[in-house]
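Below you'll find the structure, written out as structure tokens, and then a few comments.
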Amino acid sequence: MGTKGREIVGMDVEQNIQGEQCAIEAYQKLSKMFKDKDSITYQLVLEILEDEVEHEEDLEALLEDLELM
Ligand SMILES: [Fe+2]
């Protein structure tokens with residue numbers, strides 16, 4: 001992949017990171033809403049939140065690797 005290609009992939013990954021951050025924010029808000037109200041939904045939201053944080057971390061790592069190429 002050439003420099004231009006890496007740049008385009010990098011921008012794409014950055015957009016995806018923003019998407020994950022948006023999801024993280026949404027699930028954080030939901031977790032606050034359900035805390036002390038509905039423990040099953042709260043646990044479910046926490047599990048999804050954990051997944052979203054993992055997605056964001058994976059994409060950040062990918063972006064770092066791309067920058068090292
Ligand atoms: Fe995600």
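In what order do 48, 8 fall by count of nearby beta-carbon atoms within 10 Å, going from fewest to most?
8, 48
Got a sec to turn the phi values of segment 55-64 into Karplus ³J(HN,Hα) couplings, 6.51 cos²θ - 1.76 cosθ + 1.60 with θ = phi - 60°, whole Hz, x for Gly and Pro?
For segment 55-64, the Karplus curve yields 4, 4, 5, 4, 5, 4, 5, 4, 5, 4 Hz.
Please list 3J(HN,Hα) in residue order for segment 4-9, calculated via the Karplus relation 6.51 cos²θ - 1.76 cosθ + 1.60 where θ = phi - 60°; whole Hz, with x for glycine and proline.
Residue by residue, segment 4-9 yields 4, x, 5, 4, 5, 5 Hz.
For residue 64 and residue 29, what does the FRET efficiency come to when R0 = 25 Å and r is the distance between their Cβ atoms, rounded to the nearest 0.05?
Here the calculated transfer efficiency is 0.30.
Write down the Å³ per residue value for the convex hull defined by the alpha carbon atoms of segment 3-68.
Here the figure is 54 Å³ per residue.
Relative to the Cα centre, what is the charge dipole magnitude of segment 8-69, using +1 at the beta carbon of each Lys and Arg, -1 at the beta carbon of each Asp and Glu, and rounding to the nearest 20 debye?
So the magnitude is around 580 debye.
So what J values fall out for segment 20-30 if you push phi through Karplus, 6.51 cos²θ - 1.76 cosθ + 1.60 with θ = phi - 60°, rounded to Hz, Gly and Pro as x?
Each residue's phi maps through the Karplus curve to give 5, 5, 5, 5, 4, 4, 4, 6, 5, 4, 4 Hz.
Since every read-out is calculated from the coordinates, none of them should be taken as a lab result. The shown structure was predicted, so the numbers you read here are calculated from the model rather than taken from an experiment. Glycine also receives a Cβ, built like all others from the backbone with ideal geometry; neighbour counts cover every protein chain displayed.
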